[in-house]
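Worksheet for the structure shown next.
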Amino acid sequence: MTALRSAKLAFLISVPLMAGSVRIYQTSSAGDDVHVIDPVTNKVVLKITGIEVPHGVGFSPDGTKAYITCEAESSLWSTDTKTGKVLGKAPLSGHPNNMSVSKDGKYVFAAIVAAPGAVDVIDTATMKKIKSIATKGGVHNTYVTPDGKYVLAGSIVGKVLTVIDAQTFQIAWELPFDQGVRPITMEKAADGSTSRLFVQLSNFHGFAVVNFKTHEIVSRVTLPEMPVVGKAEAGAPSHGIGVTPDGKTLVVNSSIAGGVFLYSLPDLKVAGYVPTGKVPDWLTFTPDSKTVYVANSGTNSVSAVDIASKKEVAKIPVGEVPKRNGTVVIP
């Protein structure tokens, strides 16, 4: 990284933040920047540069810090969400992919994709790695369950979902699959626990449905065959999946269809399709569940999709090969 690039870690493009502002963070998997989008204007309002190959992004519960995994340095960065200023870095045990944050904000769980695979636990107060939890294969993504009790770790090469106790950092149970485990999203039960998982798999145009309480794969849902405008990329015909914050809709990316399919919950009925762009790769929602932001890695753009009307309402240019993204409410 050049001295000039290091000196320009962030710059503002628009007006100062208002209290309670929502922001969409979009990493660039082939670049060195993170674009921050204002969902009110659908404009980039902050750009964080100097993070070579940023992968995953997550946030402190109070919305003041963003945590970003840096593939080039095998590190976790902490940045200020208002200014983009880098607050600290934590060295990781190996090459990282995605990450997640504990419900109390005390820990970050970083997916280590480098063999033999692990989930690194970082203390956010000290920005120090306090443990590496060994897994059966490199980890692609981690997630914290709605009640904060467990951390999910999916491995592509290991073809396994590992469920970790978020308090003891010990493996609670494992669930093997016949294909690599890719993005996962969760359905919350009435009591706040996790009821079902929706798991995307390598070489499968759809997702598996898992009963979290019984640890069983109960079904597989294949996405509609039409339209066909693209092809599976890197063994992932469907990569990017999420449940709206209100729990009413499941949104699923499709590289083959070049867009997203919407399913109603809990019945999992197809509720619509919206074209977004070449190779949709990840998605995130506004807190009010009205809009989903889809990273189109094949066109260096992010689509804002209105869920009620099932229409793309904006296409926002971002960095090189955008993939992982996330939503934060800044105080």
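Before moving on, here are some points about what is shown:
- In order through the stretch 105-111: 3J(HN,Hα) via Karplus (6.51 cos²θ - 1.76 cosθ + 1.60), integer Hz, x for Gly, Pro: x, 7, 9, 10, 10, 9, 6
- Residue-normalised convex hull volume from the C-alpha trace of the stretch 124-218: 104 Å³ per residue.
- Lysine pairs with alpha-carbon atoms under 16 Å apart, the stretch 100-227, spacing 8 or more or separate chains: 10
- Two-site FRET efficiency, Asp267 against Asp123, from Cβ-Cβ distance with R₀ of 56 Å, rounded to 0.05: 0.85
- Overall, the chain carries a charge dipole of about 300 debye about its Cα centre when +1 sits on the Cβ of Lys and Arg and -1 on the Cβ of Asp and Glu, all other atoms neutral.
- For the stretch 115-131, 3J(HN,Hα) per residue [Karplus equation, 6.51 cos²θ - 1.76 cosθ + 1.60, θ = phi - 60°, Hz, x = Gly/Pro]: 4, x, x, 6, 10, 7, 9, 10, 6, 6, 6, 9, 6, 10, 6, 10, 6
- Cα Rg, Dmax, the stretch 175-254, angstrom units: 13.0, 41
- Treating each Cα of the chain as an identical point scatterer and summing with the Debye formula, the log10 of I(q)/I(0) at q = 0.10, 0.12 Å⁻¹ comes to -0.51, -0.77.
- Of Met226, Met186, Met99, the residue with the largest accessible area leads and the full order is Met226, Met186, Met99 (1.4 Å probe).
- Taking the chain as a Gaussian network of alpha-carbon nodes connected by springs under 10 Å, the highest mean-square fluctuation of the residues Ala114, Ala314, Ala125 belongs to Ala125.
- Percent RCO, i.e. relative contact order, over the stretch 76-194, from Cα pairs under 8 Å lying at least 6 residues apart: 17
- Under the simplified labelling scheme, the Ala134-Gln167 pair shows an inter-label distance of 2.6 nm, with each label point 7 Å from Cα along Cα→Cβ.
- Here's how it looks for Arg324: its modeled amide H is under 5 Å from those of Thr27, which are all 5 or more places away or on a different chain.
- On a per residue basis, the chain carries 40 Å² of accessible surface, using protein heavy atoms and a 1.4 Å probe.
- Stretchable slack from Val229 to Ala72, in nm (0.36 nm times residue separation minus alpha-carbon distance): 53.2 nm
- Partner lysines for Lys311 [C-alpha distance under 26 Å; skip if fewer than 8 residues away on the same chain]: Lys43, Lys231, Lys248, Lys269, Lys278, Lys290, Lys323
- The HN-Hα couplings worked out from phi for the stretch 165-177 by the Karplus form 6.51 cos²θ - 1.76 cosθ + 1.60 (θ = phi - 60°) are 5, 6, 9, 9, 6, 10, 5, 8, 6, 10, 9, x, 10 Hz, whole numbers, x standing for Gly and Pro.
- Cut-off under 5 Å, modelled amide H: who pairs with Phe204 long-range: Ser238
The values are calculated or read from the model by the stated rules, or taken from the named source; none is laboratory data. Everything numeric in this text was worked out from a predicted model, so none of it was measured. As a convention, Cβ positions derive from the backbone with ideal geometry for all residues, glycine included, and neighbour counts pool all protein chains shown. In case anyone asks, the SASA skips ligands and DNA or RNA and just uses the protein heavy atoms, side chains included. Shrake-Rupley method; radii C 1.70, N 1.55, O 1.52, S 1.80 Å.
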